[in-house]
Structure formats: C-alpha cells, structure tokens
C-alpha cells in the first residue's frame, strides 16, 4: 500500500467527517447526513486530483473497519435479555423486509440487488447496513449511486421516524415496554433510536437501544446469507469469481464473541464505538465525494417509494405483533 498516494484523500475525508460531527452536535441533525451532503458538495476532489486514490480507500477499507468494530457493541446475552418472542419478531421483520424489498424492486422495474440493499438497510441498521451490504455486492456502474441514494433516503426517513414514532406510540397508548420495542424495532439508525427512546423516558431509551442493538447483531448473518446466494448464482457462470468471506465480517463475529465471553471495560467498548462511528462517518463522506450528483437526480421516485414502503411495512408489522409479546 502506497501511503503517500492515499494520504491526501484520507485526510480530506477525515476533515469532512470532523466538519459533519461538528455540525451534527450544533444543529441536531444526523452526522451521517451532514457527511453525505458535504461529501457530495466536494465531489470535484474525486476527479482529476491527488485525492482520488485516498477517497476510494476510505470509502472501501475504512468503511469495513467501522462495520467490523460494531461487533463490540453487541453480546449474545442481549438476545436472551429481550426474550425469544421479541428476538423472533425482529428476525421475521428483518427477513420479511428484505424479501419485500426484492419483490417490490422487481415490480417497480428496479434491480433485485437494489431491493436487497434497501431491505437490509431498513430492516437492520440504516446507513451502516447499507454500506456493509454494498461492500459484498458485485461491482456495477450503479453501485455507488444506489448506495448513496439508499443512505440519503434511509437517514431522512429515520430522522422523521425519530420525531413521529414517539408521538404515535403515545396516541396508541402503548406500554413502556411495547413503546421501546416499537422504537428499537422500526427506526433505522442507532442514533435516532437513542434520540426517540430517551425523549420518552430513560427506561424506554435503555430498552429501545437494546432492541436496536439486537437488530444490528443480525447484520452479520444477513451479509453471510447474501454472500452464499451470490456464490451459488455465480457458480453457474464460467467467468465469474465467487466472493469470499470479507475480513470485516470475521472481525465482527470475533469481536461480538469476545464481548460476550469477556467483561470488557467500558473504556474499551466505548472507545471502539466512537472509532466505529467516526470511521463510518468519514467513509460516508468519501462515498459522497465519489458520487455523481447528476446521476443521483436521474433515478426518479421509484427508489424513494421502495424505501418508504419498506419503512411502512416494518413499522406496521411490529405494531400489529406487539399484543402477542
């Protein structure tokens, strides 16, 4: 790896990421959304400058570091703490949302892989899931555009849900436990779940965050399943190379196992969480800089409609299932 050729692009991604975090802290909007918008505004740096190689390195490899470190946020005990009914409901919600994404994508004339990308993003953990799933999908000319679009829309929907869902839970007279499961099981991004949960009460915030982290735990099995499906399909073609298991997924599993077996100090888990968050923020900034805004504006309303329908599906499914938990 030639550090000198990558350093300018990595540094500019870090600067954009720091700016996004600053704006997020002062204006309350998601850091990932700011990182995307700032990255798109600076997309001219990706072409014809010394930053290109570093930007692409950040969008790919630093992204994987951020996803891998998510493993330290989760322990197997989290599943037991929620109970088998809630865990089963979350599994059904995730699988059905991805399945719905594939069906709706085909019905709307979009690629099935876009349905997998959006369904996984809505079903699991928003922008983080979108980037992890995109990292293992086959390369195509629209891959970066589709990933960027998914992140923009899912972050916007998650922010709207953070405001509306607590009000909806109150109107429906949900119990504190059901409110927590509803918020943690339906809102896309972790940060917005935290915001929504603690806006209700500290108890709701704690349980909603736990529910969300259990959803995050299913990121690894879902990505592995996607890899297996891709391998089976690619075996039918003579010129295609089956994908291997990415190192970041192995790291995710190992770190999750370590956190489950060893009582790690809070300074370690919190430090890993902060590093993971920053790595994901600067990676999204880099993805924004790689984007072509003109292509993004040409996609039309169908992809947005797909994400909205997936969001309504998982919210409706969780709400209708709460009486049985």
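Per the listing 175, 179, 211, the residue uniquely over 12 Å from the mean Cα position of the chain (by Cα) and closer than 20 Å to residue 75 by Cα is 211.
On the given criteria, is residue 195 more than 14 Å from the chain's Cα centre (by Cα) and more than 25 Å from residue 76 (Cβ to Cβ)?
Numbers: more than 14 Å from the chain's Cα centre (by Cα): yes; more than 25 Å from residue 76 (Cβ to Cβ): yes.
So residue 195 passes the test.
Restricting 21, 7 to residues that are in contact (Cβ under 8 Å) with a residue 40 or more places away in the chain, surrounded by 14 or more Cβ atoms within 10 Å (Cβ to Cβ), touching a helix residue (DSSP H, G or I) at 6+ places or on another chain (Cβ under 7 Å) and within 27 Å of residue 160 (Cα to Cα) narrows the list to 21. Within the bounds of the range 221-234, is there any residue that is at pLDDT 85 or above, buried (at least 22 other Cβ atoms within 10 Å of the Cβ) and touching a helix residue (DSSP H, G or I) at 6+ places or on another chain (Cβ under 8 Å)? The answer is yes; a qualifying residue exists. State whether the residues of the range 149-162 include one that is over 19 Å from residue 308 (Cβ atoms), in contact (Cβ under 8 Å) with a residue 12 or more places away in the chain and assigned to a helix (DSSP H, G or I). No, the range 149-162 has no match at all.
The values are calculated or read from the model by the stated rules, or taken from the named source; none is laboratory data. It should be emphasised that the depicted structure is a prediction, and the values quoted were computed from it without experimental measurement. Here Cβ is always computed from backbone atoms with ideal geometry, including for glycine, and neighbour counts include all displayed protein chains.
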